[in-house]
Amino acid sequence: MKKHAGVGSNKMRNKLSRRFDEALRFASKKHGGQTRKGTDVPYIAHLMGVASLVLEAGGDEDMAIAALLHDVVEDCGGAPMLEEIRRRFGSRVAHIVDGCTDAYTSPKPPWRERKEQYLKRLATEDSDTRLVSAADKLHNARAILTDYRESGESTWEKFTGKREGTLWYYRQLVKEFSRGKDNRLTNEMERVVSELEKLAATNGGDVSKRRSNRSHKQKD
């Protein structure tokens, strides 16, 4: 596994400078007009949420900046954008953003192939990148769980992987993050994904029963 400065290596890690403010403005500009999947929530809300989780888990300013920028390469310019991040915010931030990016081309590779490749890459990433990635995936998993509680099975229509693919991916992420040292993010992700799986199994079963009942009634 690659080695970089670990969480907690800087006693001043919780001090945020103008670099963080610049990164927030940069992310807001690049993602301007984008919204969360299937909602009218500005996309920057997700990026700020991920940065918050990183800081709460002990991440330093570079990691928080990478959290703000973790989707800008994939969604706003590919490899040239990564070089711009490197120039503006430094090689460590660029390294973490690169480790959180699962596609550099448009159109993106097929969904399942892309996710399988990302899981393989994640297994070789350093602890800083894995923490930022875990914060990203946890924030997404929480949003899916909240949506599922409100909307049930229709939630899966927002996602390319639909029901089975999305549940598969998040369980694989839990397994991968669990290989490392336990922390508040991975422990919380295990709880969130387990609850989502339990609700989906219950509701999915109910849907199947209702369909079966309707089929029997039609035959009768």
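The values are calculated or read from the model by the stated rules, or taken from the named source; none is laboratory data. A quick note: this is a predicted structure, and the numbers were derived from the prediction, not measured. Because the Cβ atoms are built from the backbone with ideal geometry, glycine has one as well, and the counts that use them run over all protein chains shown. Each accessible area value is taken on the protein alone, full model and side chains, heavy atoms only, with ligands, DNA and RNA left out. Shrake-Rupley method; radii C 1.70, N 1.55, O 1.52, S 1.80 Å.
General remarks:
- Look at where the Cα atoms of segment 150-183 and of segment 34-77 average out, and the two centres are 18 Å apart.
- Accessible surface of Ser133, taken over heavy atoms with a 1.4 Å probe and every protein chain present, rounds to 0 Å².
- Note, ³J(HN,Hα) from phi for segment 112-124, Karplus 6.51, -1.76, 1.60, rounded to Hz, x at Gly and Pro: 4, 4, 5, 5, 5, 5, 5, 4, 5, 5, 4, 5, 9
- Proximal charge balance of Glu113 [Cβ under 12 Å; K/R count +1, D/E count -1]: +3
- Rounded to the nearest 10 degrees, the inclination of helix 79-89 to the longest alpha-carbon principal axis of the chain is 50 degrees.
- Accessible area of Arg19 in the full protein assembly, 1.4 Å probe (Å², nearest 10): 80
- Extension gain, Ala103-Arg191: 0.36 nm per intervening residue step, less the Cα-Cα distance, totals 28.9 nm.
- Solvent exposure of segment 92-196 amounts to 46 Å² per residue of accessible area, where only protein heavy atoms count and the probe is 1.4 Å.
- Derived scalar couplings ³J(HN,Hα) [segment 173-181; Karplus, 6.51 cos²θ - 1.76 cosθ + 1.60; whole Hz; x for Gly, Pro]: 5, 4, 4, 5, 5, 6, 5, x, 5
- In plain terms, the bigger the Kirkwood radius, the slower the diffusion; for the chain, with that radius from Cα pairs, at 37 °C and 0.692 mPa s, Stokes-Einstein puts D at 177 µm²/s.
- Solvent-accessible surface (1.4 angstrom probe) belonging to Ile144, in square angstrom, nearest 10: 10
- ³J(HN,Hα) computed for each position of segment 60-67 - Karplus, 6.51 cos²θ - 1.76 cosθ + 1.60, integer Hz, glycine/proline x: 9, 4, 4, 5, 5, 5, 4, 5
- Residue separation of Ser178 and Arg86 scaled by 0.36 nm, minus their Cα-Cα distance, works out to 30.1 nm of gained length.
- Counting protein heavy atoms only, segment 18-145 has 52 percent of its accessible area on carbon and sulfur, 1.4 angstrom probe.
- Between Thr35 and Tyr43, the built amide H atoms are under 5 Å apart, and every one of these is 5 or more places off in sequence or on another chain.
- Classified by the C-alpha gyration tensor, segment 57-130 has an oblate form. Its axis ratio a/c, with a ≥ b ≥ c, is 1.5 or above, and a/b does not exceed b/c.
- Using the rule -39500 (n - 2.57) for each DSSP H run of four or more residues, divided by the residues of the chain, the 222 nm mean residue ellipticity is -22500 deg cm²/dmol.
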